[in-house]
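Chemist: Pasting a structure below so you can have a look.
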Amino acid sequence: MGLWLFGRNVLSSWKPKINICCADMKTNKAEIYKNAFRLFLQDNYEKVTVVKLEKAIGLSCRGIYHHTKDKLGLFKAVVDTYIFEPHKVENKFVFAEDISLRDFLQTYIEGVERTMDYLSNELGVDRKKCAKCYFQFLFQAYKYYPNFVERMDAIFEKDQQMWRKIIDKAIASGEIRNDIATEEVVDMFRMAHLGMSYVLAFTTGLDTERLKRQFEAVYKLLK
């Protein structure tokens, strides 16, 4: 499963910039993972060989696998670093317990933007290219990372719990109407974000200003 479902790799014409360092240069774990991340986007998991890893990272196989057992272990570490960690609620969003729904919506978008900027910087590309290749990487993770679906479900569930708490508080305080179901409101906001992220990944990349307008439109309907 992946972007290759469309008959070809949509990034076949784009090669991410890989930092190649001298073989005798000390390379820390973060640099190993970052350069491996870029390589897995250039050549999917099956095509990444030990020789390609050594060239991209600038270390021997022994040095590369010092932190991980093998290629799958390295791939899993990259997925942990660039998919699971950035999207954990506690890493992505910071807000006060008494925040209003209106203020939370702005905070949420800021968290999305920080994550997008972080991933773009790690790849050394703009947001548009990052969006395309990142979705490709997600599909690779789905295919090769054991228990990927369960791990993502846990992250999505925490995100949904966060939204439920905010919406329930907004209803209780009178900020929004009380004749609406919390779960339906949560889905309206979350699906606006997730759906827009997926659709625009293949064209312009997520437009956070457009997402903000969508959030504001939903918010007005709830008043």
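The values are calculated or read from the model by the stated rules, or taken from the named source; none is laboratory data. Bear in mind that the values here come from a model prediction, so they are computed numbers and not experimental data. All Cβ positions, glycine included, derive from the backbone under ideal geometry; neighbour counts span all protein chains shown.
Chemist: Just give me the residues in the stretch 64-85 being surrounded by fewer than 16 Cβ atoms within 10 Å (Cβ to Cβ) and in a helix (DSSP H, G or I), in sequence order. Talk me through it step by step, then tell me what you get.
Modeler: Step one: list which residues in the stretch 64-85 are surrounded by fewer than 16 Cβ atoms within 10 Å (Cβ to Cβ), which gives 66-67, 69-70, 72-73, 80, 85.
If the condition is that a residue be surrounded by fewer than 16 Cβ atoms within 10 Å (Cβ to Cβ) and in a helix (DSSP H, G or I), then 72, 73, 80, 85 are the ones that fit.
Chemist: Quick check on the stretch 65-101: of everything there that is over 21 Å from residue 212 (Cα atoms) and among the hydroxyl-bearing types (Ser, Thr, Tyr), which residue is nearest to the chain's Cα centre (by Cα)?
Modeler: By that ranking, first place goes to 82.
Chemist: What number of residues within the stretch 136-152 satisfy the criterion of being surrounded by fewer than 20 Cβ atoms within 10 Å (Cβ to Cβ) and either of a type in the set (Phe, Trp, Tyr) or part of a loop (DSSP other than H, G, I, E, B) (or both)?
Modeler: 6
Chemist: So if I check each of 101, 119, which one is surrounded by 14 or more Cβ atoms within 10 Å (Cβ to Cβ), assigned by the TED database to the domain that holds residue 198, without any contact (Cβ under 8 Å) to a residue 60 or more places away in the chain and among the aliphatic types (A, V, I, L, M)?
Modeler: The match here is 119.
Chemist: Also: Residue by residue through the stretch 195-214, note down the ones that are in contact (Cβ under 8 Å) with a residue 24 or more places away in the chain and farther than 18 Å from residue 119 by Cβ. First the steps, then the outcome.
Modeler: First, pick out the residues of the stretch 195-214 that are in contact (Cβ under 8 Å) with a residue 24 or more places away in the chain: 197-198, 200-202, 204-206, 208, 211-212.
212 - this is the single residue of the stretch 195-214 that is in contact (Cβ under 8 Å) with a residue 24 or more places away in the chain and farther than 18 Å from residue 119 by Cβ.
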